[in-house]
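Taking it in order: structure first as C-alpha cells, then the write-up.
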Amino acid sequence: MEQIITCIPGMPPLRVKDLPTSFRHKDMTEFLTSEAQATLEADLVLLNTFDELDRPILDALLKRLPALYTIGPLVLQTESGNDKISDISASLWTEETGCVRWLDCQKPYSVIYVCFGSIAVMSDQELLELAWGLEASNQPFLWVIRPDLIHGHSAVLPSEFLEKVKDRSFLVRWAPQMKVLSHPSVGGFLTHSGWNSTLESICAGVPMISWPFLAEQPTNRRFVSGVWNIGMAMNEVVRREDVEDMVRRLMNGEEGRQMRKRIGELRDESMRAVGKGGSSYNNMEKFLKEIQMGLIDS
C-alpha cells in the first residue's frame, strides 16, 4: 500500500493507498478502464473543478481529450441568485437548521465541523475513538451523526461522553453543509473527503482533517494534505489521541493558520473562476453556445 506510483500524467507521486478504492478490485478497474476509453470518444468532457485548482492534471488530460471544459465549483451556482438552481438539493437526508442558530452563539473560527457524507460508515470502535478525541480537544464541535453511520446498527454515544460535551457541542442527523461551512464560527472541517465536500470546504475557505473511507476519497486526501496543503491526513488506524492532536493543531496551531491562509487563496480563485469573465464562467458560456448551435448532441 506504500508503493509509490509516478507514471500517471499530471498527477503527483501517489502511494497505492492514495488511489481510489475501486482501483484495488479487478472487476471495477476493468469497468473504469472501459469508461475512460469511452471518454476519449466524447465530443466534450465537463469537469466540476476549476483551472487554478487542477492545472497540471488538466494539462495532461488536454493532450488526450478533444475538448475539456472546467465549469466548477458547481456549488457556487447556489450563490448566483438563480432560483432554479438554488432550489435543487442533492441531500439524501432532511437538513436540521437549528445548528445554525447554535453556531451564531459561538466565537469566530472556534467550531470544528464533523461530517462524513451520506453513505460512509464506520465501526463502533472508530466512533468511540472519534468521540473521545473530540472531547479531549476541548474544542466546540458540530457533529453530523446519521442514524446509519455505524455498520449494522444505529450510532449510540456513551452517556458519559454526552454529559462531558453538552455545553460545547451540537449533534444533528444532517446539516445544511454549505451554510455551516460558510458560518464565521466554523474554523475546521473533519471530513470523509468526498469531492463535493472537498469543493465546498474550499469554497468556504475552511481547512480540513481528511478521514477517507471509499471511492476517490483517499486520492482527495492526498491532494488536500500533500499537494494543495489545505488540510491534514488522518492515520489509517484512528486513535483518540490522533483526533485530539489534529483538532488542536488545525484550530489553534501555526500549521492550521497556514492552511487557513492557503485555502482562503483557493476560495478567492474559485470565486474568480465562476465570476463573469472567469475560466469556469467562460467555459459554461461556450458549452451552452455549442449546444444551441447544434455542435454537441443534447
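The values are calculated or read from the model by the stated rules, or taken from the named source; none is laboratory data. Here the structure is a predicted model, which means the values were calculated and not measured. For neighbour counting, all protein chains shown are included, and Cβ atoms are generated from backbone atoms with ideal geometry for every residue, glycine included.
One table, with the values for the structure above:
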read-out	value
Exclusive hit being at pLDDT 95 or above and touching a Pro at 6+ places or on another chain (Cβ under 7 Å), set G256, G264	G256
Top-ranked residue in region 166-180 [being under 16 Å from C203 (Cα atoms) and among the hydrophobic types (A, V, I, L, M, F, W, C); ranked as modelled with the highest pLDDT]	V180
Those helices (runs of 4 or more DSSP H) lying entirely in region 219-298 with at least 2 residues in the same structural domain as V186 (by TED's automatic domain parsing), surrounded by 13 or more Cβ atoms within 10 Å (Cβ to Cβ) and touching a helix residue (DSSP H, G or I) at 6+ places or on another chain (Cβ under 9 Å)	240-252, 254-274
Residue in region 184-198 that is in the same structural domain as L128 (by TED's automatic domain parsing), surrounded by fewer than 17 Cβ atoms within 10 Å (Cβ to Cβ) and part of a loop (DSSP other than H, G, I, E, B) present	yes
Residue within region 246-253 that is among the small types (G, A, S) and over 24 Å from I71 (Cα atoms) present	yes
Which listed residue, of A67, A90, is under 21 Å from the mean Cα position of the chain (by Cα) and either at pLDDT below 95 or charged (D, E, K, R) (or both)	A90
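Residues checked against (1) under 17 Å from S110 (Cβ atoms); (2) modelled with pLDDT of 95 or more; (3) among the charged types (D, E, K, R):
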site: A136; (1), (2), (3): yes, yes, no
site: L142; (1), (2), (3): yes, yes, no
site: P147; (1), (2), (3): no, no, no
site: I150; (1), (2), (3): no, no, no
site: H153; (1), (2), (3): no, no, no
site: V156; (1), (2), (3): no, no, no
site: E160; (1), (2), (3): no, yes, yes
site: K164; (1), (2), (3): no, yes, yes
site: S182; (1), (2), (3): yes, yes, no
